[in-house]
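Everything below concerns the one structure shown next.
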Amino acid sequence: LGVEPFYGDHQGGIATTPQSDAYFAAFDVVASSRGDLTDLLRTWTQAAARMSAGLPVGPPTGFAAGTEPDSGDAIGLGPCRLTVNFGFGPGLFSQDGEDRFGLASERPAALVDIPAFFGDQLLADKVGGDLTVHACADDPQVAFHAVRQLARLGAGAARISWVQSGFNEAAVSEGTPRNLMGFKDGTINPVGRQFDEFVWVGGEGPAWMRGGTYLVVRRIRMTLEHWDTKPLEIQEAAVGRRKESGAPIGSTNEFDPLDLQRLDGRGQLMIPLNSHVRVAAPASNGGEMLLRRSYSYNDGVAQQVERWLPYENTLLYDAGLLFCAYQRDPRRGFIPIYRNLSENDLMAQFTEHTGSAIAALPAGVPRAGAWVGQALFGVA
Ligand code: HEM
């Protein structure tokens, strides 16, 4: 199966046509010296480049020296369009006020701590991370294999904090894949020059972030049992689009324009005031957009209290959306748009945000021998 280029102006897995599977991992850095941290990034870059080409990772050096070179579970599977991108979380720049790696003054203003939102149900063990690694591939084993090799190569320098796998059936679905609520997800996203306006960091800097972007990940559980009891009309009103076609309510085709002013025969808004697409649309958010590149997740069932009468404590699905948004500045993208959604979106009645991370993703690695984020460390 296909190969996605590892080297380039931007990291992979952002503008890349979405693959069908993802494995996201947030790491805590346990290395104590700046040299150990840069060794880690160099090692990870080389390994990611090899795996993107369908090659096993080479023999480990440094921390993991003396162990087997590659776990071998991706032998024969090919590259499967693997992309791996790396991000720097707030904790890399300072932790509990401590400037561990001499990077505190380099923290970009746009790398803010994600504020609390109305309705948050964040789990302490699914929040944050000093480094993020996001592998996407057209095969779940290839995506997991990539993160697994990196975790092993980084042993002693970085430790997994939390992970989430995901899938979206991009390989088999016709057109835009559906999320677990049954709706096409990813219809409206930046295209063409909108990437420069809304996704890639420009001259506003810092220089090492130019051509990079900011990732916000949210693990969003869907209350599927509750959702599945709702009539189609209510589901469609919550989203603002038709389920089968993906068309805006009142239109026929998925890519028909979203006309937020349109009235029905009774003079009511065709796309309800509190529908997800109306509240999320650029027209309701000062023209802002973000790139959504989400995956579904399915972690079985868990004992939970229902959010509806009679509030039974019972086994419920732990499944939903691994929401991934890339944007030029989260202070203009995710944060205000989701603040608006968390307060006004009818669909939010059927979701719970349980995990969260934010990271600065530097520009792409330009060539073999270079490593991700090296300009942050003053290496030309
Ligand atoms: C489980 C959670 C979510 C589900 C099931 C969901 C589902 C959807 C669906 C079905 C659409 C319409 C099709 C499309 O344009 O892709 C949509 C659009 C959109 N969603 Fe979500 N979404 C979720 C969470 C979020 C969050 C947390 C944000 C935060 C910013 C967000 C932002 C957007 C935006 C910006 C659009 C495009 C609106 C437009 O311009 O028309 N969504 N979403």
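What follows draws every value from the coordinates through simple rules; no lab data is involved. Keep in mind it's a predicted model, so treat the numbers as computed, not measured. Please note: Cβ atoms are built from the backbone with ideal geometry, for glycine as well, and neighbour counts cover all protein chains shown.
Odds and ends about this structure:
- Each Lys and Arg contributes +1 and each Asp and Glu -1, all at the Cβ; summed about the Cα centre of segment 187-341, the dipole is approximately 440 debye.
- Across segment 1-33, the residues whose backbone nitrogen lies under 19 Å from the label position 7 Å along the beta-carbon direction of ALA171 are 1-5, 13-14, 16-24.
- Listed residues ASN179, ASN313, ASN274, most fluctuating in the chain (Gaussian network, C-alpha, under 10 Å): ASN313
- Fully extending the segment from ASP196 to GLU306 would add 35.3 nm, taking 0.36 nm per residue of separation and subtracting the current Cα-Cα distance.
- Length gained when the stretch ASP299-ASP113 is fully extended (0.36 nm per residue, less Cα-Cα span): 64.3 nm
- Cα-centred dipole magnitude for the chain, charges only on beta-carbon of K, R (+1) and D, E (-1), debye, nearest 20: 580
- Segment 243-281 and segment 75-130 have Cα centres lying 36 Å from one another.
- Here segment 114-132 is scanned for amide nitrogen atoms under 14 Å from the site 7 Å beyond the Cα of LEU103 along Cα-to-Cβ, giving 129-132.
- The coefficient of translational diffusion for segment 210-311, derived via Stokes-Einstein from the alpha carbon Kirkwood radius under 10 °C and 1.306 mPa s, stands at 97 µm²/s.
- Taking 0.36 nm per residue of sequence separation and removing the Cα-Cα distance, the LEU180/ALA53 pair yields an extension gain of 42.6 nm.
- Most mobile listed residue (TYR326, TYR311, TYR295) in the chain, GNM with C-alpha springs under 10 Å: TYR311
- 16 Å Cα-Cα reach of LYS230 towards lysines, excluding residues that sit fewer than 8 places from it in its own chain: LYS243
- In terms of the mean number of neighbouring beta-carbon atoms within 10 Å, the peptides 363-374, 93-104 order highest first as 363-374, 93-104.
- Under the span-like rule (Cα at least 18 Å along the axis, Kyte-Doolittle mean at least 0.0), DSSP H helices of the chain: 140-153
- In terms of overall dimensions, the chain has a Cα radius of gyration and Dmax of 21.0, 74 angstrom.
- Estimated inter-spin distance, ILE234 and ASP125, nm [label 7 Å along Cα→Cβ]: 3.4
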